[in-house]
Structure formats: structure tokens, C-alpha cells
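Here the structure comes first, spelled out in C-alpha cells, and everything after it is commentary.
We did not get these values from a lab; they are worked out from the coordinates using the rules stated. Just so we're clear, the structure is a prediction, and the values are computed from it rather than from any experiment. With ideal geometry, Cβ positions are generated from the backbone for all residues, glycine too; neighbour counts draw on all protein chains shown.
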Amino acid sequence: MTGAPTLVDGRLYVPISSLEESGAGNPGYPCCTFRGGVASYDAQTGRRVWTSYTIAEKAVPLKKTSKGTQLWGPAGAGVWSSPSVDLKRRAVYVATGNGYTEPAARGSDAVIAFNLDTGRRLWTKQVMANDAYVRDCPGKYRPLVPKDNKSETCPDELGPDMDFGNAPILRTLPNGRSLIVIGQKDGHAWALDPDKDGDVVWSRQVGLGLDGGGGAIMWGSAADDRLAYFPVTRASQPLGVAALRLQTGELAWRASPPDGGGAPVTVIPGVLFFASTAGTVYAYGTADGKALWQFDTAREFQTVNGVAAQGGTINAAGPVVAGGMLFVPSGYSELGNGVRGNVLLAFSKAARLP
């Protein structure tokens, strides 16, 4: 499990992810049987209400390699981010990862809607087909992996690994129309129609992902009632934040900090927070992208509990706003080269934000 669970009306909706793709290039590994999903629990008792899967079919044995390794499929389509709940339509939306086996299942690289009460699949909108990706396998999208290292457990045609790390964001426009907005690792920002089975309303390329080497929009985006904000974080220029108009997908403004991107964005009325892999937290005005404030977290801190603390890279987990405070975790460096740290920072209104 990677994405945070979502709690609504006494029910907990838990996303299910996997790292099976990390070992699937091993010639002795029986790739692959995992399929992503979402599980619903009673929040008070822990009773599981339902579990639904992003790939409708359970994996079955397909063939054996020359070494006798059993291969399975279909597999993959993990849910890396939090589910989004739509009480009006009694739906829960999840965004999925790449397939592990070929052909990649229809539930991969998609936004999927399930019934909130029963888990029944309502619709699937796949935005990229044939993304069967397994780490440590050579191919067009992994040019640095020697071709003679290819295992029979690898896909014949390796996909680009351009799935969703973002969570779907549900917003209602002033005219009453609803949109699901979401960013994809290939750098596309999407707006989908929840009333038309996820039909595309608009899409815009705001970054360019590096095939097999990192996504342009890796983690969480954000939206208010006017704009959607997409963090262009890796393998793309310009790095930073792209703000798009919800109604049309037109670019309203960009903000590009000198040390690049990193963490998910967080928006409150009038202010957008964004953090970099170098460890700096930025605040921008949502009206025009003007820089308002910044703070370098990549240094030593005196802590309230007396433990020695060092800030560092900010990645995967973004700033959190609650109770009039801004909370920033600093030192997450698991993805890519970064500076490890162990500090949680709390900022009050004394930071002089608008």
C-alpha cells in the first residue's frame, strides 16, 4: 500500500499497490499475478465491506519459459494514490499504474470508477494502452539495460512506464458541470467527464516524461474552483508548477523555482505550496504565480523532542495545511538521488503568508 486511505461517512477506502514489477525481470520469477484494487472497510470495526480490482480478470497461467518458470497474466495496474470519493454519484475514483504483463490490461494507465456502496465497476477510461513495463528489462524505453540481459519473463515490447501517480481530483465548475482532473507521468494533464464514463474534456502537455526514467508529473496535483495545478517534477523543462484553467485547459501561468521540482502541490485560498528535491518550500500566489515566500529545509534543526534532525530532499509527500498551520516533511530521498533527513517542520501564521 502506497497511497493514503480515504475516510468518508464512516467508510475507509484503501488503495492497493505492488512492487512485483521490481523483481519480475528475474528469469526465475513467475511473473506476474498481482492486480491493483481498492478495498472498502467499516472504519469503526475494520470489517471489510468489499474489494474491487482494477483488472477484472484474475491472473491465470499462460506459458513456461525454457527454464521451466511459469508465466502468468494479466497483472499490474496498481493504485499508487488515494481514492477520490464522489457522494453525489455514489462513486469512488482511482488512478492506475502500468501493466506488468503483455498485452497490458485495459485497467492499466487508467482512471476507474467503482460504485461506492458495492464496489461494482462503473466505467474505465484508459489513456495509454500497451504500457507493459517491468524493471530491469531492456527495451526501447530502457536503453541503458543491456539487451543480452533480457529474461523470458520480460515483455517482448517494454512499455514507457507512463502511468498515474496522481490521485483523481473532482471539481465542479460554476456552470454546475463536474470534472475529474489528473496529471500523468508522461506530462499530460487531463480533464475527464464523470457523467460520460470518463470521456476526455480536455488534455494538455505541460511536461515531457523521460521514457523508463522518470515521470514529468509524478505525484499529487491540486485544484481550486478556478485552476488546476500540476507539479512538473522530473525529466522535463521547465520544471515547476503549471496552472491550467479548469474550464478550458488553457495555461494560466507557470512558476519555475531555480532548484526544480519534487513534491506534490498543496493549495489553500490564494496560496499554492510547492517543494523541491533540493529541500526548499515555496509559496506562490494562485492569481498569477507570483513568488510569496520560501524556506530552505535542507539544514540542521533544533527539535522539540531533543532528537538530532537534518532536513533534506522533499519528494512524494507534500506540504499539509491544517488548523492554521503548515506542516512539511523533509528528508525523503528514496526516489532518485537526494539528501536523507528526518525532520517534520511546522510553520505558523508568523511565516507572514498572505
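Averaged over residues, the count of other Cβ atoms within 10 Å places the peptides 10-19, 270-279 in the sequence 270-279, 10-19, highest first.
Over the chain, calculate the relative contact order: mean separation of alpha carbon pairs under 8 Å at least 6 apart, over the residue count, as a percent. In percent, rounded to a whole number, it is 9. Local charge for Asn98 was computed over the other residues whose Cβ lies under 10 Å away, with Lys and Arg +1 and Asp and Glu -1, and equals -4. Distances between placed amide hydrogens fall under 5 Å for Gly159 paired with Ala132, Tyr133, Val134, all partners being 5 or more residues away or on another chain. Counting only Cα atoms, region 258-354 measures 37, 30, 18 Å along its principal axes, largest extent leading.
Running a GNM on the chain with Cα contacts under 10 Å, which residue among Ile182, Ile112, Ile268 ends up with the highest mean-square fluctuation? Checking each option, the largest mean-square fluctuation is seen for Ile268.
Once backbone amide H atoms are built at 1.01 Å from N, Met128 has no partners under 5 Å, excluding neighbours fewer than 5 places away on the same chain. Here the 3J(HN,Hα) profile of region 156-166, calculated from phi with Karplus coefficients 6.51, -1.76 and 1.60 at θ = phi - 60°, is 4, 10, 6, x, x, 6, 10, 8, 9, x, 6 Hz, Gly and Pro shown as x. When the alpha carbon coordinates of the chain are projected onto the principal axes, the ranges are 65, 45, 44 Å, largest first.
Using helices alone, I'd like the mean residue ellipticity at 222 nm for the chain: each DSSP H run of four-plus residues gives -39500 (n - 2.57), total over residue count, nearest 500. That calculation yields 0 deg cm²/dmol at 222 nm.
Tell me the net charge near Arg171. Cut-off is 15 Å between Cβ atoms, Arg171 excluded, with +1 for each Lys or Arg and -1 for each Asp or Glu. Summing Lys/Arg as +1 and Asp/Glu as -1 gives 0. Within the shell defined by Cβ-Cβ distances under 11 Å, the residues around Val85 carry a net charge of +2, with Lys and Arg each +1 and Asp and Glu each -1.
Taking Rh as the Kirkwood radius computed over C-alpha pairs, what is the Stokes-Einstein D of region 176-290 at 10 °C in a medium of viscosity 1.306 mPa s, expressed in µm² per second?
Numbers: Rh = 13.9 Å.
The calculation lands on 114 µm²/s.
Cross-link check: pairs Lys88/Lys349; Lys58/Lys150; Lys58/Lys196; Lys150/Lys185; Lys185/Lys290 evaluated at a Cα-Cα cut-off of 32 Å; pairs beyond the cut-off: Lys88/Lys349.
Here the 3J(HN,Hα) profile of region 23-36, calculated from phi with Karplus coefficients 6.51, -1.76 and 1.60 at θ = phi - 60°, is x, 6, x, 5, x, x, 8, x, 6, 8, 10, 5, 9, x Hz, Gly and Pro shown as x. Packing order of peptides 2-8, 188-194, highest average first: 188-194, 2-8 (average count of other Cβ atoms within 10 Å over each peptide's residues).
Taking amide hydrogens as placed 1.01 Å from N in the peptide plane, the amide H of Arg35 sits under 5 Å from those of Gly76, each at least 5 positions away in sequence or on another chain.
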